[in-house]
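The values are calculated or read from the model by the stated rules, or taken from the named source; none is laboratory data. Note that the structure is predicted; figures quoted are calculated from it, not measured. Every residue, glycine as well, gets a Cβ built from its backbone with ideal geometry; the counts of neighbours run over all protein chains shown.
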Amino acid sequence: MKRITIRDVSVRAGVSTAAVSYVLNGREGKVSPETVARVRRAAEELNYIPDLSARSLVNNKSKLIGVVIPQTEDQKQLLLQNPFYSELICGIEARLRQSGYHMILSGIEKGEGYLDTSMQRNLDGAIITGIYQESFYEDLKKVRMPIVLVDSYIYDSYFHVVGIDDELGGYMATKHLIDNGHTNIALVTGMIRKDGVVEKRFLGYKRALKEAELFYNPDHVFEHSVTYQFGQEAGKLIAAKCPEITAAFATSDLMAMGVIQGIRDEGKEVPEHVSVVGFDDISIARLCTPPLTTIKQDAVSRGIMAADRLLTAIEKSKEGLPQEPTIMPLSLIDRDTVLKLT
């Protein structure tokens, strides 16, 4: 079937191709209302579908945004295996679609650079999660397009940043357990890397212990990968140390739910034998049994904010350097996985 072109629309409408281009590209002020009506009617009658590639050449905009999720764990994981990322992506996609943009989602294996094919498809901008202060991040500056970083502690004037206070979140979770009478609190966490999200939550955990004059025991830190499976393994080890350990803070809800299952596997219950606090408040946190007490960071809202920052940067790309980092709020959601000790 022959593709309907802008010339076909101009012939049907009885106007020039330039007039059709003005109408279809949102520059209706350059032609009369009558011409606008004729072009729209002709396009509808012919079932004209705009050529986005050609439009991007004319406007110097592709309407494409790259969203990159680096795989920072040693073990291979599916791109959206962690529900936190699914919710973050939902927020990003919804906001981009609202403004007529499309999203290209890509995963980068640990150790690979960011300048792969997905970053070279004439993108208008990119949102990247969880990169560290390593040499390859300098390569991103060569892309020459607005970039928003999520879950990153790289404060460089080239990048826009949308984050949370992860140290505060770790402190809030641990303090909640302390306030409920727990003194031997385990930490279940992903790999602790310098200036990463996990390290900040770990530091918040240590700050709460220090403030309460509690001993920090490195043997109570279970560190590996941000997966349900590792949480389950850690939960079994924690249950074996009960009643020495009476509570655990997991730095993600995914791990926290694994911890709960691991504790049950060993014949113990949450919170009767071990209390558990998670981090994220993903949608299934309220659906697990018992419903999970956690630190809420609202992943969907963070996605919307990241997309907002990027769209603003695209429109104002020639008006100066990025603004200060946007820090989203945190709150403690108290459900049923923490037992108050008498």
Among the numbered criteria (1) surrounded by 15 or more Cβ atoms within 10 Å (Cβ to Cβ); (2) modelled with pLDDT of 95 or more; (3) not aliphatic (A, V, I, L, M), which single criterion is violated by Pro322?
(2)
Conditions first: (1) farther than 24 Å from Gln297 by Cα; (2) charged (D, E, K, R); (3) modelled with pLDDT under 75. Glu73 passes all but one, so which condition is the exception?
(1)
Options Ile282, Ile263, Ile245, Ile238; residue that is farther than 25 Å from Lys200 by Cα, touching a residue at least 12 places away in the same chain (Cβ under 8 Å) and not assigned by TED's automatic domain parsing to the domain that holds Arg144
Ile263
Within region 266-289, take every residue that is part of a loop (DSSP other than H, G, I, E, B) and at positive phi and give me the one that is surrounded by the most Cβ atoms within 10 Å (Cβ to Cβ).
Asp281
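One line per residue, one yes/no per condition, for (1) of a type in the set (Lys, Arg); (2) farther than 21 Å from Asn184 by Cβ:
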site	(1), (2)
Phe249	no, no
Val259	no, no
Ile263	no, no
Gly267	no, no
Ser275	no, no
Arg286	yes, yes
Pro291	no, yes
Residue that is modelled with the lowest pLDDT [pool: residues in region 132-164 that are of a type in the set (S, T, N, Q), more than 19 Å from Gln297 (Cβ to Cβ) and assigned to a loop (DSSP other than H, G, I, E, B)]
Gln133
Take region 266-292 and flag every residue that is within 25 Å of Thr129 (Cβ to Cβ) and more than 18 Å from the chain's Cα centre (by Cα).
Val277, Arg286, Leu287, Cys288, Leu292
Being in contact with a Lys or Arg (Cβ under 9 Å, 6 or more places away or on another chain) and assigned to a loop (DSSP other than H, G, I, E, B) is the filter; apply it to region 238-251 and report the residue that is modelled with the lowest pLDDT.
Cys242
Specify the residue that is farthest from Val276 (Cα to Cα); the eligible residues are those in region 226-243 that are among the polar types (S, T, N, Q) and buried (at least 17 other Cβ atoms within 10 Å of the Cβ).
Thr227
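Matching residues to (1) in contact (Cβ under 8 Å) with a residue 12 or more places away in the chain; (2) in the same structural domain as Arg309 (by TED's automatic domain parsing); (3) in contact with a helix residue (DSSP H, G or I) (Cβ under 8 Å, 6 or more places away or on another chain); (4) farther than 21 Å from Pro83 by Cα:
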site: Leu149; (1), (2), (3), (4): yes, yes, no, no
site: Lys175; (1), (2), (3), (4): yes, no, yes, yes
site: Ile178; (1), (2), (3), (4): yes, no, yes, yes
site: Val188; (1), (2), (3), (4): yes, no, yes, no
site: Asp195; (1), (2), (3), (4): yes, no, no, yes
site: Arg207; (1), (2), (3), (4): yes, no, yes, yes
site: Leu214; (1), (2), (3), (4): yes, no, yes, yes
site: Gln232; (1), (2), (3), (4): yes, no, yes, no
site: Ala256; (1), (2), (3), (4): yes, no, yes, no
Does Gln81 satisfy the criteria of being in a loop (DSSP other than H, G, I, E, B), under 38 Å from the mean Cα position of the chain (by Cα) and at pLDDT 70 or above?
yes
Could you check, for region 224-243, whether at least one of its residues is charged (D, E, K, R) and more than 25 Å from Arg335 (Cα to Cα)?
no
Please go through region 186-237 and pick out each residue that is part of a helix (DSSP H, G or I), under 19 Å from Met257 (Cβ atoms), more than 21 Å from the chain's Cα centre (by Cα) and aliphatic (A, V, I, L, M).
Ala234, Leu237
